[in-house]
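Below: one structure in structure tokens.
The values are calculated or read from the model by the stated rules, or taken from the named source; none is laboratory data. All of these numbers come straight from a predicted model, not from anything done at the bench. Cβ placement follows ideal geometry from the backbone for every residue including glycine, while neighbour counts extend to all protein chains displayed.
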């Protein structure tokens, strides 16, 4: 690797170890790299702007805003009520209902932290009343977060689609089955936990209670159907779908449920804009860093070094997964994708991987990173909304983490898990 390559790599590591926020570390190291390489620093500004001037990235603020609106408008609570009415009488039913509600909300927000916040702000108290330990309830709500990042619409898949110039719709569909497999595994963990600790069952919901829950939550159930059905049916693009989701959430929250007042909209917008600004700032600051790495040919060099470790594709894929899991636990996942996109696409090409399969694999690795200490964002959100320390959440996360690792192994070594649905639908 060239001297500039070592400067970029070691400089970024040193900045992160020194506690510099990821966005400033990327931007600062890139600026120094441009100066050392003798490239006009004005190019940094150009790459900053170019890094955010992609139409598909507009879907990110759209889905983040839609998730905030639907949470504030009562749709999340109604989803949980329906899931509880359907599954509450089963052993571990309320825990299962939390998984189902989180999966549905993930099909609206596309974000792991947003999914954790949605179920984590409501379910721990209810789970604790039913005999679950609060530390388990907090771990469950935290663990559900990555499912929201795996199933469509997924914000990281939008980012990867832009970086790798792949179909975002195909990536969305590729994440559906892994997300559902993870949800099924979490439901299994819920059943085992309830059986082991003797958690009492709820009463079976009467027909009238079930009808009431469905009637109350019909608009919440329709949201992912409209959003995903429109994308897969070719009615609108993922970016347009995010705007449809925002409009749908406003209409339902303000006019139908009447739980979202116009004054509340300002607070919802503020929360959404804060998250959007953080994401966009990281993307912008990572763009010149990634461009400089590509300019120096560093991704190709790193990919060749990685491929030289073994001639066995199974071993190489294992190394790639381990690398992504570690990086996902240490870095912002969007910044990591931008930095590594060149390396990973080169490795995937050499291994003969389908680009959609590769994209799903990368996103699922970083989804797991969302609940992996020390930098797992969903861990921070889970601790904040549930009042349980990160340490206690982490101790209780291991069964959910194990489920996600099994799903990751299936995705890595059984391509049909991610490719069967895209090939069938598109």
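Kindly list, by first and then second residue, each pair from a residue in the range 172-186 that is free of Cβ contacts under 8 Å to residues at least 40 places away in the same chain to a residue that is assigned to a helix (DSSP H, G or I), limited to pairs with Cβ atoms under 9 Å and residues at least 6 apart or on different chains.
What qualifies is 184/99; 184/403.
Kindly indicate whether residue 332 is farther than 20 Å from residue 417 by Cα, touching a residue at least 12 places away in the same chain (Cβ under 8 Å) and in contact with a helix residue (DSSP H, G or I) (Cβ under 7 Å, 6 or more places away or on another chain).
The answer is yes for residue 332.
Could you go through the range 175-192 and let me know if any residue there is under 20 Å from residue 104 (Cα atoms), surrounded by 17 or more Cβ atoms within 10 Å (Cβ to Cβ), modelled with pLDDT under 90 and out of contact with any strand residue (DSSP E or B) (no Cβ under 6 Å at 6 or more places or on another chain).
Within the range 175-192, none of the residues are under 20 Å from residue 104 (Cα atoms), surrounded by 17 or more Cβ atoms within 10 Å (Cβ to Cβ), modelled with pLDDT under 90 and out of contact with any strand residue (DSSP E or B) (no Cβ under 6 Å at 6 or more places or on another chain).
Another question, if that's okay. Residue check: is residue 274 without any contact (Cβ under 8 Å) to a residue 40 or more places away in the chain, under 25 Å from the mean Cα position of the chain (by Cα), surrounded by fewer than 18 Cβ atoms within 10 Å (Cβ to Cβ) and assigned to a helix (DSSP H, G or I)? Steps first, answer last, please.
Values: without any contact (Cβ under 8 Å) to a residue 40 or more places away in the chain: yes; under 25 Å from the mean Cα position of the chain (by Cα): yes; surrounded by fewer than 18 Cβ atoms within 10 Å (Cβ to Cβ): yes; assigned to a helix (DSSP H, G or I): yes.
Here the answer is yes, as residue 274 does meet what is asked.
Quick one: is residue 9 modelled with pLDDT under 80, surrounded by fewer than 22 Cβ atoms within 10 Å (Cβ to Cβ), assigned to a helix (DSSP H, G or I) and under 22 Å from the mean Cα position of the chain (by Cα)? Step through it out loud before you land on a result.
On the way: modelled with pLDDT under 80: yes; surrounded by fewer than 22 Cβ atoms within 10 Å (Cβ to Cβ): yes; assigned to a helix (DSSP H, G or I): yes; under 22 Å from the mean Cα position of the chain (by Cα): no.
Answer is no for this residue.
Of all residues in the range 414-426 being free of Cβ contacts under 8 Å to residues at least 24 places away in the same chain and assigned to a helix (DSSP H, G or I), which is surrounded by the fewest Cβ atoms within 10 Å (Cβ to Cβ)?
Within the range 414-426, the match that is surrounded by the fewest Cβ atoms within 10 Å (Cβ to Cβ) is 424.
Does the range 327-350 include one or more residues that are surrounded by fewer than 18 Cβ atoms within 10 Å (Cβ to Cβ) and modelled with pLDDT of 85 or more?
Scanning the range 327-350 turns up at least one residue that is surrounded by fewer than 18 Cβ atoms within 10 Å (Cβ to Cβ) and modelled with pLDDT of 85 or more.
Considering (1) surrounded by fewer than 20 Cβ atoms within 10 Å (Cβ to Cβ); (2) at pLDDT 90 or above, say which one residue 404 fails and leave the rest.
(1)
Further question: Among helices (runs of 4 or more DSSP H) lying entirely in the range 351-413, which contain 2 or more residues that are touching a residue at least 24 places away in the same chain (Cβ under 8 Å) and over 17 Å from residue 156 (Cβ atoms)? Talk me through it step by step, then tell me what you get.
Working: elements: 355-369, 377-386, 390-396, 398-413.
Ranges flagged: 377-386, 390-396, 398-413.
Here's something else I'd like to know. Suppose we filter 230, 266, 253 for residues that are free of Cβ contacts under 8 Å to residues at least 12 places away in the same chain, under 28 Å from the mean Cα position of the chain (by Cα) and either assigned to a helix (DSSP H, G or I) or surrounded by 15 or more Cβ atoms within 10 Å (Cβ to Cβ) (or both); which single one remains?
266
Select, from 60, 69, 35, the only residue that is free of Cβ contacts under 8 Å to residues at least 24 places away in the same chain and not in a loop (DSSP other than H, G, I, E, B).
Step by step, each of 60, 69, 35 is checked, and only 35 is free of Cβ contacts under 8 Å to residues at least 24 places away in the same chain and not in a loop (DSSP other than H, G, I, E, B).
With the requirement that a residue be surrounded by 24 or more Cβ atoms within 10 Å (Cβ to Cβ), farther than 21 Å from residue 226 by Cβ and at pLDDT below 85, what does the range 123-161 give you?
123
Moving on to the next point. Tell me which residues, restricted to the range 103-159, are in a loop (DSSP other than H, G, I, E, B) and more than 19 Å from residue 232 (Cα to Cα).
Within the range 103-159, 111, 121, 122, 130, 131, 132, 133 meet the criteria.
Being over 21 Å from residue 217 (Cβ atoms) and either assigned to a helix (DSSP H, G or I) or over 20 Å from the mean Cα position of the chain (by Cα) (or both), is that true of even one residue in the range 76-92?
yes
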